[in-house]
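Asker: Handing you a structure now.
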Amino acid sequence: MAIQPLEVLRRTFPGIQDPEELAQLAQLARQATYPPDTVLCREGAYEKVLYLICEGEVVITKRFDSPEESHLVLRRATSGEYFGEMAIISDAPRSATVTTTKETTVLEIDQDVFRTIIERNSDLAMQMVRQTFERLRENDRMTLEELRKAFQTLEKLDRAKLDFIEVTAHELRTPLTIMRGYASMMLADPVIRDNPLLREMVEGIATGSQRLHEIVNNMLDVQRIDLAQVSVAAVPVSLPLVLRGTEMQFKDALRQRRLSLHMDLAQNEGDGGIYIEADPGLLSKAFYHIMMNAIKYTPDGGSIRVTLRYEDHPILERAAHVQIADTGIGIDPEYHTLIFEKFYRLGDVQLHSSGKTAYKAGGPGLGLAIARGAVLAHGGEIWVESEGHDEVNFKGSVFHVVLPVQAAFRQKMALLRARYGE
Ligand SMILES: Nc1ncnc2c1ncn2[C@@H]1O[C@H](COP(=O)(O)OP(=O)(O)OP(=O)(O)O)[C@@H](O)[C@H]1O
Ligand SMILES: [Mg+2]
């Protein structure tokens, strides 16, 4: 059946009431037929044509900025519909790509012709504005729906990852405990103890299984934190004591790696003394992991500085602010948030050296996720400052931990002190 441009225009634009105008537009419109899979509009391109579909079908898609670059189908349009109006009304690049799905015949109207018509026909202009708004709303709805689905999938994947961590960690724990038990029994045996070769081998088994045991425990910690299963058993805690305890744990490592550690810890906090209300076990874990990183990512001979200050805080009122600064390799700003995600680690996996506290020693990427979980469970904040990764000048990183000093608790301490003295 032959296509009647006038008929198509009347059907598509009921807003144009003047027959002469319609006839004029029909004359200026070009009719064209395209085979399937022809791209009529290309997202991002400046094109000045409006299309009316006489026969056939097109699909309108939008690019998603993702590493895999996927396309979202916004809608399909068939006979009697138009497309390409948004870009020519607002003089903007195409916001989507339009491709024919079968042989399609269209009427093409150039921008200047179409603009003149629109300016003369307020009904048509209103009709197009309404339709454009509806389309934008529909696009928004679809994009949000797509995001919701993607989020749900990610949540499921994350959940599956946590389940896997839990099963693996539990499966590994039993054989590891047996290995550690036998290794320590063997080390106690005089035959092995007195044989240097055997002793070294068994010590190797003991250290290796101890390291594995720690990784398994980290896996379980991260899993508990992610499932929000951490409970804070809050008691009066002396932060300087916790920080000094962390220093003790790394004494050997610091010596072996020739790293100097300087502690600058404020001791007095007005009426509240040096205590904060916190879970000492959980806090020790957080500082352990941050300190471990400061050691691992600082070259031999570098220095680590730990400072503790009490300060006013807009939300927490009074807060303890711990900073752990190193002269290490630093972290590029784009990773400052990501490194706190579980299993997120930087650098080439192949290049990592082994050994728990060796320079750039490998790790599964759990330490900072545990530290963040522990700090957040206290209602605190954690973040990193670093100019960037630099293995020439070693400008280092500063990890900040801010913890609330519970106001009620400070009052209690002041009362006790007033009653019983220092
Ligand atoms: N002080 C630091 N200096 C430079 N980079 C750091 C520092 N702390 C952490 N990073 C970077 O952040 C990443 C994540 O740290 P995280 O402690 O979570 O994992 P990990 O140290 O690799 O492994 P794990 O702690 O589980 O043994 C590290 O792989 C490292 O690239
Ligand atoms: Mg770590």
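The values are calculated or read from the model by the stated rules, or taken from the named source; none is laboratory data. Because the structure is predicted, anything quoted here is derived from the model rather than measured. When we count neighbours, we look across all protein chains shown, and the Cβ atoms used for this are built from the backbone with ideal geometry, even at glycine.
Asker: From Gly347, Gly396, grab the single residue that is modelled with pLDDT of 95 or more and either under 17 Å from Met291 (Cβ atoms) or out of contact with any helix residue (DSSP H, G or I) (no Cβ under 9 Å at 6 or more places or on another chain) (or both).
Answerer: Gly396
Asker: Give me a count of the residues in the range 363-383 that are more than 7 Å from ligand 1 (Cβ to nearest atom) and either over 23 Å from Asp252 (Cα atoms) or not aliphatic (A, V, I, L, M) (or both). Walk me through it before giving the result.
Answerer: Restricting attention to the range 363-383, the residues satisfying the condition of being more than 7 Å from ligand 1 (Cβ to nearest atom) are 370-383.
Still in the running and either over 23 Å from Asp252 (Cα atoms) or not aliphatic (A, V, I, L, M) (or both): 370, 372-383.
Qualifying residue count, the range 363-383: 13.
For every residue, the table says whether it meets (1) in a strand (DSSP E or B); (2) at pLDDT below 90.
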| site | (1), (2) |
| --- | --- |
| His321 | yes, no |
| Glu334 | no, no |
| Phe343 | no, yes |
| Lys356 | no, yes |
| Gly365 | no, no |
| Gly373 | no, no |
| Leu376 | no, no |
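Asker: Does any residue of the range 261-276 turn out to be within 16 Å of ligand 1 (Cβ to nearest atom), over 27 Å from the mean Cα position of the chain (by Cα) and without any contact (Cβ under 8 Å) to a residue 60 or more places away in the chain?
Answerer: Within the range 261-276, the subset within 16 Å of ligand 1 (Cβ to nearest atom) is 261-262.
Among the residues that remain, those that are also over 27 Å from the mean Cα position of the chain (by Cα) are: 261-262.
Subsequent filtering for residues that are without any contact (Cβ under 8 Å) to a residue 60 or more places away in the chain retains 261-262.
Yes, that holds for at least one residue.
Asker: If a residue has to be within 16 Å of ligand 2 (Cβ to nearest atom) and not hydroxyl-bearing (Ser, Thr, Tyr) to count, how many in the range 273-312 make the cut?
Answerer: The initial filter retains those residues of the range 273-312 that are within 16 Å of ligand 2 (Cβ to nearest atom), namely 284-298, 304.
From what's left, not hydroxyl-bearing (Ser, Thr, Tyr): 285-287, 289-296, 304.
Final tally of qualifying residues: 12.
Asker: Is at least one residue of the range 314-336 within 15 Å of ligand 2 (Cβ to nearest atom), under 25 Å from Thr207 (Cβ atoms) and out of contact with any helix residue (DSSP H, G or I) (no Cβ under 7 Å at 6 or more places or on another chain)?
Answerer: Looking through the range 314-336, none of the residues is within 15 Å of ligand 2 (Cβ to nearest atom), under 25 Å from Thr207 (Cβ atoms) and out of contact with any helix residue (DSSP H, G or I) (no Cβ under 7 Å at 6 or more places or on another chain).
Asker: How many of the residues making up the range 1-27 are more than 20 Å from Arg130 (Cβ to Cβ), assigned to a loop (DSSP other than H, G, I, E, B) and of a type outside the set (Gly, Ala, Ser)?
Answerer: Within the range 1-27, residues that are more than 20 Å from Arg130 (Cβ to Cβ), assigned to a loop (DSSP other than H, G, I, E, B) and of a type outside the set (Gly, Ala, Ser) number 4.
Asker: Please go through (1) under 17 Å from Val402 (Cβ atoms); (2) surrounded by fewer than 17 Cβ atoms within 10 Å (Cβ to Cβ) for Leu283 and return the number of the only condition it doesn't satisfy.
Answerer: Only one criterion in (1) under 17 Å from Val402 (Cβ atoms); (2) surrounded by fewer than 17 Cβ atoms within 10 Å (Cβ to Cβ) is unmet by Leu283, namely (2).
Asker: Quickly run through the range 12-62 and pick out the residues that are over 30 Å from Thr143 (Cα atoms), of a type in the set (D, E, K, R) and modelled with pLDDT under 90.
Answerer: Scanning the range 12-62 gives Asp18, Glu20, Glu21.
Asker: Checking Ile88 against (1) over 14 Å from Val49 (Cβ atoms); (2) at pLDDT below 90, which single condition isn't satisfied?
Answerer: The one condition Ile88 does not meet is (1).
Asker: While we're here: If you take the residues of the range 104-132 that are over 21 Å from Gln31 (Cβ atoms) and acidic (Asp, Glu), which of them is surrounded by the fewest Cβ atoms within 10 Å (Cβ to Cβ)?
Answerer: Glu119
Asker: Contact list please: Cβ distance under 6 Å, first residue in the range 87-105 and touching a residue at least 40 places away in the same chain (Cβ under 8 Å) and assigned by TED's automatic domain parsing to the domain that holds Arg76, second residue surrounded by 19 or more Cβ atoms within 10 Å (Cβ to Cβ) and basic (Lys, Arg), pairs at least six apart or on different chains.
Answerer: Pairs found: Ala87/Arg94.
Asker: Farther than 30 Å from Leu376 by Cβ, of a type outside the set (Phe, Trp, Tyr), in contact with a Leu (Cβ under 8 Å, 6 or more places away or on another chain) and not assigned by TED's automatic domain parsing to the domain that holds Leu376: does that describe Ile192? Outline the logic, then answer.
Answerer: On the way: farther than 30 Å from Leu376 by Cβ: yes; of a type outside the set (Phe, Trp, Tyr): yes; in contact with a Leu (Cβ under 8 Å, 6 or more places away or on another chain): yes; not assigned by TED's automatic domain parsing to the domain that holds Leu376: yes.
Here the answer is yes, as Ile192 does meet what is asked.
Asker: Here are some conditions: (1) in contact with a strand residue (DSSP E or B) (Cβ under 7 Å, 6 or more places away or on another chain); (2) free of Cβ contacts under 8 Å to residues at least 60 places away in the same chain. Pro240 meets all but one. Which one does it not meet?
Answerer: (2)
Asker: Of the conditions (1) touching a residue at least 60 places away in the same chain (Cβ under 8 Å); (2) at positive phi, His389 satisfies every one except a single condition; which number is it?
Answerer: If we test His389 against (1) touching a residue at least 60 places away in the same chain (Cβ under 8 Å); (2) at positive phi, just (2) comes out false.
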